[in-house]
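Heads up, the thing below is written out as structure tokens.
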Amino acid sequence: MNIQTRLRSTEVTADPSLSFSLPGWAYLDPEILELEKREIFYKTWQYAGWVGDLKSPGDYITADLIDQSVIIIRGADGQLAGFHNVCQHRGHQLLSGCGKVSAIICPYHAWAYRLDGGLRNARGAERTAGFDAEVFSLKPVRVEVLADKLVFFNLDMDAAPLGEQVGDLVADLRRDIPRFDELVKVQKRPPPPELGMQMFPVEANWKIVMDNFLECYHCRNAHPGFSMDLVMESYHTTAHGLWSKQRGSTRRDNGGEVMFWSLFPNLTFSTATGGKPMMNTAVFAVPDGPSRTQYGINDSYRLPDDLDGVDFKPDWGPLGIEDKDICESVQKGLASLGYQHGRFIYDPEHGETSEEAVHLFHRLIVEALGI
């Protein structure tokens, strides 16, 4: 039975109150991951960084997408451009990290590209018969800036503009994160352990990691520190097109809330109110094979006078270790001959037990794979 035939047998339906979850084999088959790479990751908008790192012509950042790498650069015309990060001569990667250049020069044979991606110089090409420099321009990728702050790219040159798809998400971020438009990215650093990111790498499929992030049905049982800090009766989950949101009130004296957003397939935003305005942006679950998941970009945004963000240190206990154990146990369980698929728990009032964000994620997976 081929992949397409098997996927047609899934019972992920449009109504979360009636839907089953993805079957176990969808998390285990290496061919599924290859299909996901082509039909999901290579065709969706991916977060690359902060527009403030691309102020002047020649400023660039690089970003990785599983086995792909891209360059995003400010051109001489002041516009952002994106290119596959590969020399058109022999395939060497061109740039790494971030920085500023006057030209993109390959470290292998010194082929030099202009900021618009056109080949400026290839040593010896003038003596090579029929050499057409235009043929060897860098291959473009789509670039878009969301909310005047967040830089995204898409390998699919025919993709619909991101802003048209998630304008309601931007409005929601602006509404619920105080002084959102003033936030700037602080210097990159390892994921803060107090936020539980010590869970990576996880020996589990990337979808298991996202499933776990997208619901708090498990929080009372699996995360005593987290559930003691929050008023779990206030916890709500809602699903919206390509994104979902979770929010809950804390028991702290400042009367704050915690909020988590997820943009398909694997980008997350989070904030805690009641203190100084802040937002964490993370490429949360990066596939590293069918049964291993790594962490991607972790960018923290703060006000210009609060670049340390020291006010938010929740006592949530070993949250990351708890989630790591959960996900790795699920990976083993999905291989059991005694498991086929699960049933979503759905609360029409969007309360703590509702798994509607996981359902949205599964439905988008199935739709993207052409079912």
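Please work out if L80 is modelled with pLDDT of 95 or more, touching a Leu at 6+ places or on another chain (Cβ under 8 Å) and outside the structural domain of L263 (by TED's automatic domain parsing). Reasoning before the result, please.
Working: modelled with pLDDT of 95 or more: yes; touching a Leu at 6+ places or on another chain (Cβ under 8 Å): yes; outside the structural domain of L263 (by TED's automatic domain parsing): yes.
Yes: the conditions hold for L80.
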Just to be sure before I move on: is G351 at positive phi and either touching a residue at least 12 places away in the same chain (Cβ under 8 Å) or surrounded by 20 or more Cβ atoms within 10 Å (Cβ to Cβ) (or both) in the structure I sent? no
Quick one: D305 ticks every box in (1) among the charged types (D, E, K, R); (2) closer than 17 Å to I177 by Cβ; (3) buried (at least 18 other Cβ atoms within 10 Å of the Cβ) except a single one, so which number is it? (3)
Please determine whether any residue of the range 359-367 is of a type in the set (D, E, K, R) and within 16 Å of V209 (Cβ to Cβ). no
For the range 152-186, name all the residues that are among the β-branched types (V, I, T) and assigned to a loop (DSSP other than H, G, I, E, B). V166, I177, V186
Is one or more of the residues making up the range 313-324 assigned by TED's automatic domain parsing to the domain that holds M232, closer than 22 Å to R292 by Cβ, small (G, A, S) and modelled with pLDDT of 95 or more? no
For the range 115-132, state whether one or more residues are over 30 Å from L33 (Cα atoms), assigned to a loop (DSSP other than H, G, I, E, B) and touching a Gly at 6+ places or on another chain (Cβ under 7 Å). yes
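Yes or no: the range 46-53 includes at least one residue that is farther than 20 Å from F269 by Cα and either within 17 Å of the chain's Cα centre (by Cα) or assigned to a helix (DSSP H, G or I) (or both).
So in the range 46-53, the residues farther than 20 Å from F269 by Cα come out as none.
No.
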Would the range 224-240 turn up any residue that is more than 30 Å from I66 (Cα to Cα), crowded, with 18+ Cβ neighbours inside 10 Å and in contact with a Leu (Cβ under 8 Å, 6 or more places away or on another chain)? yes
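The values are calculated or read from the model by the stated rules, or taken from the named source; none is laboratory data. As the structure is a prediction and not an experimental result, all values here were calculated from the model. No Cβ is skipped: glycine too gets one built from the backbone with ideal geometry, and neighbour counts run over all protein chains shown.
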